[in-house]
């Protein structure tokens, strides 16, 4: 479930996972895969840097769709409507956990995305010495950028399946969590 984060450039923005069956993330009008984001951030040196992230940009909120309507199974519009037609919200709320194998649905997610958004390269910048990070045009203070990265490491809300119980998360997430010190006790091994 996406959450609200305070940006320096655009006020409060929505960021996060939006369906438990894919590891795709939305940041307002931008979309990108968790695995790519984590691998790019993990490759940055401690003093920070930048990388280019393959992603997609939506032209309008209508193209993105209605997340709550799709979750409730009432309104399947835009990209999110197609996603929830393909992967409905679980009937048992206990099953609402980000899937460890969401990356396996990348090809299908891309197929759905291409009907609604255009492919773009998204610059990602982390400058801890300047207390800032950015994803595309969205700039964040250091604390908010770290909160955003921490959200990804935990598997969003309500977390990766098995994260709370056994510390499970995908290996690229575990690597990022270890490198950035965002996992307790050295973190999970990644599965």
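What the table below lists for this structure:
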read-out: Peptides ranked, highest mean first, by Cβ atoms within 10 Å: ranges 69-77, 48-56; value: 48-56, 69-77
read-out: Computed helical MRE - 222 nm, the chain, DSSP H runs ≥ 4 contributing -39500 (n - 2.57), nearest 500; value: -8500 deg cm²/dmol
read-out: Cα-based shape type of the stretch 109-172, given that a ≥ b ≥ c are square roots of the gyration tensor eigenvalues and the cut on a/c is 1.5; value: oblate
read-out: Cα centroid separation, the stretch 112-191 to the stretch 30-81 (Å); value: 12 Å
read-out: Cα shape, the stretch 32-104, gyration tensor, a/c 1.5 rule; value: oblate
read-out: Relative contact order of the stretch 3-183, defined on C-alpha pairs under 8 angstrom at six or more residues apart (%); value: 26 percent
read-out: Convex hull projection area averaged over all views, the stretch 15-59, Cα basis, nm²; value: 3.6 nm²
read-out: Quarter of Cα convex hull surface for the chain, i.e. mean projection, nm²; value: 10.0 nm²
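Read the figures in this text as sums done on the coordinates, not as results from a lab. This one's a predicted model, so the numbers in the text were calculated from it and none came from an experiment. Cβ: placed from backbone, ideal geometry, glycine included. Neighbour counts: every protein chain shown.
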